Amino acid sequence: MDRLTLQNKSHSQEVLEMLYEDVERRLATSISGACPVDVALNLLTLCHAQSCGKCVPCRIGLQQLASMIRAILDGKGEASDLERIEELAMVIMDTADCVIGAEAAKQVFLGVRGFASDYLSHIMTGHCSGDFKQAIPCVSACPANVDIPGYIALVEAERYEDAIRLIRKDNPFPTVCAYICENPCEAHCRRNIIDSAVNIRGIKKAAVDYAGDVPAPMPENKTNKRVAVIGGGPAGLTAAYYLRLMGHQVTIFEKRTQLGGMLRYGIPSYRLPREKLDSDIYTILSLGVQVKTSFEVGRQLSMEDLKQSFDALYISIGTHAGKQLGILGEDARGVYSAVTMLRQIGDGQMPNFSGMKVAVIGGGNVAMDCARTAVRLGAERVSCVYRRRQEDMTALAEEIEGAVAEGVILETLQAPVAIETNEDDSAVALIVQPQMISYVDRGGRPKPTEASLSEKRIPADIVLIAVGQAIEPLKGDHAADKMNGSRIQTDAAGRVGNLSGVFAGGDCVTGPETVIKAIAAGKTAAANIDSYLGYEHQITSEIAIPQPHLINRPPCGRSTIAHRHAAERKNDFSSIVCEMSEREIKQETSRCLRCDCYGYGSFKGGRQVKW
């Protein structure tokens, strides 16, 4: 008899693995609209199926937890059951022999703590609280709640101008987002259940490419109310756009010489061509928004003066100040903040890095932008130094891949400790301490810790620090002083403390975030400022959306937007993206499953035609 044999997968094992993959895809595409108690029970049941049954906490405890949650879903639970569930989950977490039982109980414990209101709603009313407003996955995942299935259907019907008008109902930056949005909508696209997410950003870009110039809608009648917007970035411009559509008079006060905020002063033109940014800004200003550039509130006009001259204020000053590392040599010549360099480039002041060695410190999108910009400025060698692993970088994967393709060297697991200088106090090298990965921190990422290796020297004539951003303090008076700090504190509506009529939003409230979240902040502020001024204007869309085709949706590969070859694009600041062909657009739009008409939530959420 043979001692060992090769084990080939049986048909049943292959099918089971396929089913597990289907479950994984469905979990990945699930949204907050699903009943969290029901989801918790199903996850617990799945975990219990993996148990060997050897220890009592896992074999009996998980089964008991499932029975208690099922009773609540069946309308047989009591409020006291929540305390019993929590206590039992804690016991299992502490006593289970293996991770299967302990982690399953942890899921239940976190759920009881995290959505207790839904448990109580089932106990008291027989159903979950149902406090979600939008259950279409892609729309729910979009911070601005853009009608994504709607504009995809319009692009499929070749109604490109209507697609732009529909996008502008919730987002006045269709062109900008077609180039740089991080497309969180795709993460929950139900097409992932079949094959892969619809290329939503690519379809938006197709609409922009084919629509041409689409004028903004006409504003409502004048209200004679005046709103001051401090900061002309995406949040401020968005608020100005919708407030102007509502009939209010809006004046933007911008500290820089041009509008756009971090869109202009933080994102290089190879990612966002300036003419594309300017086209969206022009549409916003065409409504009659007044602008004062090179105007610093607090220095040229106090906050108190603005409060007296305007009926409401919206502060969206962004995060334009770079953070420091606090290491030796940080004040040497050749050491710059990443945001400072990108700001200069935004104003057309291009530094010359020809033949220089550049080290960029950081692992986010700003760091990638700096590294790829340095390549285009002629640097001989560009290193991106990061104290964690590549997979821990917060930059988009496509940005990291693009940087590597263009010749950027990733120096991961290297913690900067000092900047070496010469006799002229100019940077000549970055000294780093090699790291190793260790225990996971509260944010869910493994922490780096010092490895028992000698320090390393990375030659660098230029050091760019991209480790975070902060707001530039407002100057002037008591009202400004109340808002200074690392972030401006607001409530959920965007109101600033007890300062009547003062609202804030965007990066100055949340810290550095994505452009679509800044747009969402501006949209939210516009609605709440309108209510504060005594109105209830509605932003509507009367565009007829094509009905879905009752056809099969077979598995189909995803069409992606091609990029210019790295060897070509790294030599200039022209746009790196190419256009999709008409055939690619037609195929990609046909992949949409039209969750606005089918699937869970289409009746509960459905299309929101106004806000």
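The values are calculated or read from the model by the stated rules, or taken from the named source; none is laboratory data. Predicted model only: the values in this text are computed from it and were never measured. Cβ coordinates were reconstructed from backbone atoms using ideal geometry, including for glycine residues, and neighbour counts include every protein chain displayed. To get the accessible areas, we keep the full protein, side chains included, count just its heavy atoms, and leave off ligands, DNA and RNA. Shrake-Rupley method; radii C 1.70, N 1.55, O 1.52, S 1.80 Å.
Suppose the filter is buried (at least 18 other Cβ atoms within 10 Å of the Cβ) and either farther than 22 Å from Gly329 by Cα or of a type in the set (Phe, Trp, Tyr) (or both); does Ala403 pass it? Can you show your working first?
Working: buried (at least 18 other Cβ atoms within 10 Å of the Cβ): yes; either farther than 22 Å from Gly329 by Cα or of a type in the set (Phe, Trp, Tyr) (or both): yes.
Yes, satisfied.
Going through Ile543, Ile551 one at a time, which residue ends up being open to solvent by 30 Å² or more (accessible area, probe 1.4 Å), more than 13 Å from Cys592 (Cα to Cα), in a loop (DSSP other than H, G, I, E, B) and among the aliphatic types (A, V, I, L, M)? Spell out the reasoning first.
Values: Ile551 fails: more than 13 Å from Cys592 (Cα to Cα).
Unique residue meeting the criteria: Ile543.
Of the residues Gly329, Gly318, Gly288, which is surrounded by 18 or more Cβ atoms within 10 Å (Cβ to Cβ), in contact with a helix residue (DSSP H, G or I) (Cβ under 9 Å, 6 or more places away or on another chain) and not polar (S, T, N, Q)?
Working: Gly329 fails: in contact with a helix residue (DSSP H, G or I) (Cβ under 9 Å, 6 or more places away or on another chain); Gly288 fails: surrounded by 18 or more Cβ atoms within 10 Å (Cβ to Cβ).
Criteria check complete, one pass: Gly318.
Of the residues Glu182, Glu161, Glu186, only one is farther than 30 Å from Gly402 by Cβ and either part of a helix (DSSP H, G or I) or under 20 Å from the mean Cα position of the chain (by Cα) (or both); which?
Working: Glu182 fails: farther than 30 Å from Gly402 by Cβ; Glu186 fails: farther than 30 Å from Gly402 by Cβ.
Sole residue among the options that is farther than 30 Å from Gly402 by Cβ and either part of a helix (DSSP H, G or I) or under 20 Å from the mean Cα position of the chain (by Cα) (or both): Glu161.
Looking at Gln538, is it surrounded by fewer than 16 Cβ atoms within 10 Å (Cβ to Cβ), in contact with a Lys or Arg (Cβ under 8 Å, 6 or more places away or on another chain), under 29 Å from Ile252 (Cβ atoms) and at pLDDT below 95? If you could, list the steps in order and put the result at the bottom.
Working: surrounded by fewer than 16 Cβ atoms within 10 Å (Cβ to Cβ): yes; in contact with a Lys or Arg (Cβ under 8 Å, 6 or more places away or on another chain): yes; under 29 Å from Ile252 (Cβ atoms): yes; at pLDDT below 95: yes.
So Gln538 fits the description; yes.
Quickly run through region 523-534 and pick out the residues that are over 20 Å from Val208 (Cβ atoms) and either aliphatic (A, V, I, L, M) or surrounded by 15 or more Cβ atoms within 10 Å (Cβ to Cβ) (or both). Steps first, answer last, please.
Pass one, region 523-534, residues over 20 Å from Val208 (Cβ atoms): 524-534.
Passing the criteria: Thr524, Ala525, Ala526, Ala527, Asn528, Ile529, Asp530, Tyr532, Leu533.
So how many residues does region 338-350 have that are buried (at least 19 other Cβ atoms within 10 Å of the Cβ) and either assigned to a loop (DSSP other than H, G, I, E, B) or small (Gly, Ala, Ser) (or both)?
Within region 338-350, the subset buried (at least 19 other Cβ atoms within 10 Å of the Cβ) is 338-339, 341-342, 345-346.
Then keep just the ones that are either assigned to a loop (DSSP other than H, G, I, E, B) or small (Gly, Ala, Ser) (or both); that gives 338, 346.
Looking only at that region, the number is 2.
Do you know which of the residues in region 436-483 that are in a loop (DSSP other than H, G, I, E, B), at pLDDT below 85 and among the charged types (D, E, K, R) is least open to solvent (accessible area, probe 1.4 Å)? Before the answer, list the steps.
Filtering region 436-483 down to residues in a loop (DSSP other than H, G, I, E, B) leaves 441-445, 451-455, 460-461, 466-468, 471-477, 482-483.
Still in the list and also at pLDDT below 85: 441-445, 468, 471-477, 482-483.
Pick out the ones that are also among the charged types (D, E, K, R) and you get 441-442, 445, 472, 475, 477, 482.
On the way: Asp441: 44, Arg442: 248, Arg445: 76, Glu472: 49, Lys475: 83, Asp477: 23, Lys482: 102 Å².
Once the filter is applied, the top-ranked residue is Asp477.
Which one of Thr394, Thr412, Thr421 is under 21 Å from the mean Cα position of the chain (by Cα) and of a type outside the set (A, V, I, L, M)?
Working: Thr412 fails: under 21 Å from the mean Cα position of the chain (by Cα); Thr421 fails: under 21 Å from the mean Cα position of the chain (by Cα).
Exactly one of Thr394, Thr412, Thr421 is under 21 Å from the mean Cα position of the chain (by Cα) and of a type outside the set (A, V, I, L, M), namely Thr394.
For region 1-90, give me every one of the helices (runs of 4 or more DSSP H) that falls completely inside it and has 1 or more residues that are of a type in the set (Val, Ile, Thr), modelled with pLDDT of 85 or more and surrounded by fewer than 18 Cβ atoms within 10 Å (Cβ to Cβ). Give the derivation first.
Working: elements: 11-29, 36-49, 62-73.
Helices (runs of 4 or more DSSP H) meeting the threshold: 11-29, 36-49.
Among the numbered criteria (1) surrounded by 21 or more Cβ atoms within 10 Å (Cβ to Cβ); (2) more than 23 Å from Ala470 (Cβ to Cβ); (3) out of contact with any Gly (no Cβ under 6 Å at 6 or more places or on another chain), which one does Leu277 miss?
Result: Leu277 fails condition (3) only.
I want to confirm something. Restricting to region 379-400 and keeping residues that are in contact (Cβ under 8 Å) with a residue 60 or more places away in the chain and basic (Lys, Arg), which single residue is most open to solvent (accessible area, probe 1.4 Å)? Even if it seems obvious, please write down each step before you answer.
Start the filter on region 379-400 by keeping residues that are in contact (Cβ under 8 Å) with a residue 60 or more places away in the chain, which leaves 379, 381, 383, 385, 387-388, 396.
Keeping just the survivors that are basic (Lys, Arg) gives 381, 387-388.
Numbers: Arg381: 70, Arg387: 115, Arg388: 16 Å².
That would be Arg387.
Please specify each residue of region 351-378 satisfying the condition of being assigned to a loop (DSSP other than H, G, I, E, B) and open to solvent by 40 Å² or more (accessible area, probe 1.4 Å).
Correct list: Asn352, Ser354, Gly355, Met356.
Taking the residues in region 96-114 that are of a type in the set (Val, Ile, Thr) and touching a residue at least 40 places away in the same chain (Cβ under 8 Å) as candidates, determine which candidate is least open to solvent (accessible area, probe 1.4 Å). Before the answer, list the steps.
We begin by selecting, within region 96-114, every residue of a type in the set (Val, Ile, Thr); these are 99-100, 108, 112.
Subsequent filtering for residues that are touching a residue at least 40 places away in the same chain (Cβ under 8 Å) retains 100, 108.
Working: Ile100: 54, Val108: 4 Å².
Checked region 96-114; the qualifying residue least open to solvent (accessible area, probe 1.4 Å) is Val108.
I'd like the residue in region 278-305 that is modelled with pLDDT of 90 or more, touching a strand residue (DSSP E or B) at 6+ places or on another chain (Cβ under 7 Å) and aliphatic (A, V, I, L, M) and, out of all such residues, is nearest to Lys225 (Cα to Cα).
Val289
Looking at region 506-533, which of its residues are under 13 Å from Thr319 (Cβ atoms) and touching a strand residue (DSSP E or B) at 6+ places or on another chain (Cβ under 7 Å)?
Selection gives Cys508, Pro512.
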